[in-house]
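The values are calculated or read from the model by the stated rules, or taken from the named source; none is laboratory data. Because the structure is predicted, anything quoted here is derived from the model rather than measured. Glycine gets a Cβ as well: all are built from the backbone with ideal geometry, and neighbour counts include every protein chain shown.
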């Protein structure tokens, strides 16, 4: 959810109307969570979940076997998947571009924790061009402070550059 | 100026600016972010309030009732099971004419246990004498708290109010909102002046018992106060519009109803999705409109009848079910439209947080136009 | 009588209602045998037992309803419930 919130916030700072919300499963730590984001030039009135995403971010690769994470995507869509193994087995719809990023390792190295949301945000920014790195950095610095902010920015930047090179 | 934040946080920020003097609340999903924010604000001395941490929702509302009777502006928030636990106190609060404002982050009632949204909780207390208003987005959720205090504290009204907004769908959604400054809120909402209060120097007992000779007349007076609240809300909503640029003088809001053959009727966040669905249907030449009921109690019968004049088919979306009867809003809309000639159908939908898509709204319109109504929409017969 | 908003009412009615008229038995206190323990005053449900200047106790017969709890608890059997002549 934090990733969704920060991406939406960064987009808002970039001048669009954005919306971010979660879909919780059961109330416990470790339960699968989905979060949804919409951007628009106009006020967003729609409240339903997102069924035909233009973009998806998968933070937990173990879900790929159990859940059709790419469901509803069409040609032109972009997926960013946190995984060490780029050749994961999944039904990727025709025309969807997948970026495999080992965000867990980057996060462990930069933050000391396997919390991948900010890293994946950097990858998202580079892959889609929907938010600028500066807006992302601003969003991170408003959410985190001091060395925590620096570390998260560094992690996001690393992923950004990694994907920017491949994009 | 627009700021990007979670609905709960926007509500907490507005409540802070309303200068409550006593806050008593018990945490319950999905209201928790509001009361946690307020507790933090009190701890940081950003609000000059007494925050009473109680052991249950029954105590929370009891504490609010006592504090209100003692002459304080009070606030609480709850939902679902918590509101159910407050049942008795709700009736007492309205009977004692205390202007308590309480946020309801609408959530379904168990059993079966569910943390997800529907409007069963507040709707189940429609008999209680509390005003009920429903927000369709986070801006409305925030703004309606200010208007509620103003209406409730009017000495001609003196009633408590539920400010309802859909749990998770609004409370946990981040979107842009415009927050007024403290000065702006002070200009709109003056300090609370109680009509009467508990005072050792001038002792009064509140909530005396009434014999059969008097009980009916007491209840009649509460009923009358609720109806007076309609005009008070319209006035306060208009003043809000003049000061903040967002007008709330309408008890119901019509969307593309002017030439509609079919009208949807709904409350809360589902209206946002419905409006998008209506725009799509209109592009395909279908004449559909929406009536958003902003104020559910008192029930705006004449306003509904007026708004739906000329509509031949009405489809009510009910995020609740009065078990053994039907959707509560549908039942009341049917009564209101009695004799109008319109066909009114009721669709129980989105219970327990089931997502509603634009295609579902369109499907309801199809069903209504085919004369198929009064049903649980989208019933999954395969699991029955 | 006009209704008051919030079903409020000023206090003071209770004092007008001299509940002493309700009783059948009346307590008789014997100061000679009283040990001044104060149990009678403590247990009286109506707050109708008051201390005298000498430290013994006496009932407030305007309000005493004749329940007899004072007689029950008196350790010196110094209180006796008697049928009252009306």
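Could you tell me which of the residues A:106, A:131 is farther than 20 Å from residue A:11 by Cα and in contact with a helix residue (DSSP H, G or I) (Cβ under 7 Å, 6 or more places away or on another chain)? Lay out the reasoning, then the answer.
On the way: A:131 fails: farther than 20 Å from residue A:11 by Cα.
Every option except A:106 fails the conditions.
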Those residues of region B:59-104 that are closer than 18 Å to residue B:155 by Cα, out of contact with any strand residue (DSSP E or B) (no Cβ under 6 Å at 6 or more places or on another chain) and away from every other protein chain (no Cβ under 14 Å) come to a total of 1
Within region B:1-58, the residues that are more than 17 Å from residue B:168 (Cβ to Cβ), touching a strand residue (DSSP E or B) at 6+ places or on another chain (Cβ under 7 Å) and in a helix (DSSP H, G or I) are B:15, B:38, B:39, B:42, B:57
The helices (runs of 4 or more DSSP H) lying entirely within region B:112-207 that contain at least 1 residues which are modelled with pLDDT of 95 or more, touching a strand residue (DSSP E or B) at 6+ places or on another chain (Cβ under 7 Å) and more than 29 Å from residue B:276 (Cβ to Cβ) are B:138-153
From the option list B:225, B:229, single residue qualifying as over 27 Å from residue A:42 (Cβ atoms), touching a strand residue (DSSP E or B) at 6+ places or on another chain (Cβ under 7 Å), modelled with pLDDT of 95 or more and crowded, with 20+ Cβ neighbours inside 10 Å is B:229
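Tell me which helices (runs of 4 or more DSSP H) are completely within region A:1-117 and hold 2 or more residues being touching a residue at least 40 places away in the same chain (Cβ under 8 Å) and within 14 Å of another protein chain (Cβ to nearest Cβ), or say none if there are none.
Numbers: elements: A:2-13, A:63-66, A:103-111.
Of the helices (runs of 4 or more DSSP H) lying wholly inside region A:1-117, those with at least 2 residues that are touching a residue at least 40 places away in the same chain (Cβ under 8 Å) and within 14 Å of another protein chain (Cβ to nearest Cβ) span A:2-13.
Quick one: is residue B:280 out of contact with any strand residue (DSSP E or B) (no Cβ under 6 Å at 6 or more places or on another chain), closer than 16 Å to residue B:363 by Cβ and surrounded by fewer than 17 Cβ atoms within 10 Å (Cβ to Cβ)? Full working, then the answer.
Working: out of contact with any strand residue (DSSP E or B) (no Cβ under 6 Å at 6 or more places or on another chain): yes; closer than 16 Å to residue B:363 by Cβ: yes; surrounded by fewer than 17 Cβ atoms within 10 Å (Cβ to Cβ): yes.
The answer is yes for residue B:280.
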Being closer than 17 Å to residue B:16 by Cβ, touching a helix residue (DSSP H, G or I) at 6+ places or on another chain (Cβ under 6 Å) and more than 14 Å from chain A (Cβ to nearest Cβ): is that true of residue B:162 here? no
